[in-house]
1. Quick one: 37, 48, fewest Cβ neighbours within 10 Å first, how do they rank?
2. Measure nothing but the geometry: give the 0 to 90° angle between the long axis through the Cα atoms of 69-83 and the longest principal axis through the Cα atoms of the chain, rounded to 10°.
3. Using only the Cα atoms, work out Rg/Rh for the range 43-86, with Rh taken as the Kirkwood radius, to two decimals.
4. Can you tell me the order of 139-145, 219-225, 206-212, 111-117 when each peptide is scored by its average per-residue count of other Cβ atoms within 10 angstrom, highest first?
5. Order these by the 10 Å Cβ neighbour count, fewest first: 46, 190.
6. With a ≥ b ≥ c taken as the square roots of the eigenvalues of the C-alpha gyration tensor of the range 198-327, please select rounded if a/c is under 1.5 and otherwise prolate if a/b is larger than b/c or oblate if it is not?
7. Round to the nearest 10 and give me the degree value, 0 to 90, for the angle of helix 259-273's Cα axis relative to the longest principal axis of the chain.
8. Which three semi-axes in whole Å describe the equivalent ellipsoid of the range 49-126, each the square root of 5 times a Cα gyration tensor eigenvalue, listed largest first?
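What follows draws every value from the coordinates through simple rules; no lab data is involved. All values reported here derive from a predicted model rather than from experimental measurement. Heads up, the Cβs are rebuilt from the backbone with ideal geometry, glycines too, and the neighbour counts pull from every protein chain shown.
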Ligand code: DP6
């Protein structure tokens, strides 16, 4: 009997403190700039992959439902890359489960492609290093390469495929900060991240952003290392607004926010004036990531109860990266 070519993996989503936005090479997903992130504990994708000579094509389910043909062909193209590295050329059935809503600005493509990379390579018996897994995951979705290593992560830009990967700066237990995510809209967004990356480079502010990021990334990294929460938070908000300015001035212009997004930004300023140390970050979507020290999570949650339009709160501590799990 031939060995079953199957495996399962879990990978966390991640929140970028310094954002990946704009690419040098769209095909290879080589980013315009370095980025820094934190893996989100409990916000995960679990993916099971089974390669079989009996299949006539790749199949994909997401949360138990057949995926769209667009999603299936993106996954299928990615599996081709992995099949090219293996002696087995079989099609695969892929079952993926997220424990968070799809297309909300919480990066389902990051956890999704990180889990797929680890599960598919394990199923085929490919023994890759963390660096190789991260390079590979990047080809599926850029931010996925940051969901492979542990805890607080940096992804370097480069001109060649083999030089652009993510690695852990600090393990998950380095700092007990928490991401409290205010879900204000769980609908699919109008512009995907991929469209956003294309549009970004046409913003008149894009070049200025690249220049700004050199010192800003160094400042944020230093504050992260020293666990200096107020400097870290300041850097985080400055970076978010710089990134959002590029989004809103790109061609086409993209507006991901809704009125609740803005209400939370103003509320965060008010909370700080009242003495609660909390800072926001926003990705390509309307939801707001509120970063606080662990000791302030309950107070923040109570305060957020005063804001109308928040559908759900998710609380995520720093977490380890992607890993194989039993089926
Ligand atoms: C705003 O990784 O989703 O979340 O490479 O096209 O899959 P693709 O893009 P993706 O972009 C993520 C953008 C972001 C910022 C970030 O996570 O760094």
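1. Taking fewest neighbouring Cβ atoms as first place, the list is 48, 37.
2. The angle comes out near 60 degrees.
3. So for the range 43-86, dividing Rg by the Kirkwood Rh gives 0.96.
4. 111-117, 139-145, 219-225, 206-212
5. 190, 46
6. Cα axes put the range 198-327 in the rounded bin.
7. Approximately 50 degrees, to the nearest 10.
8. Taking √(5λ) for each eigenvalue gives 22, 13, 10 Å, largest first.
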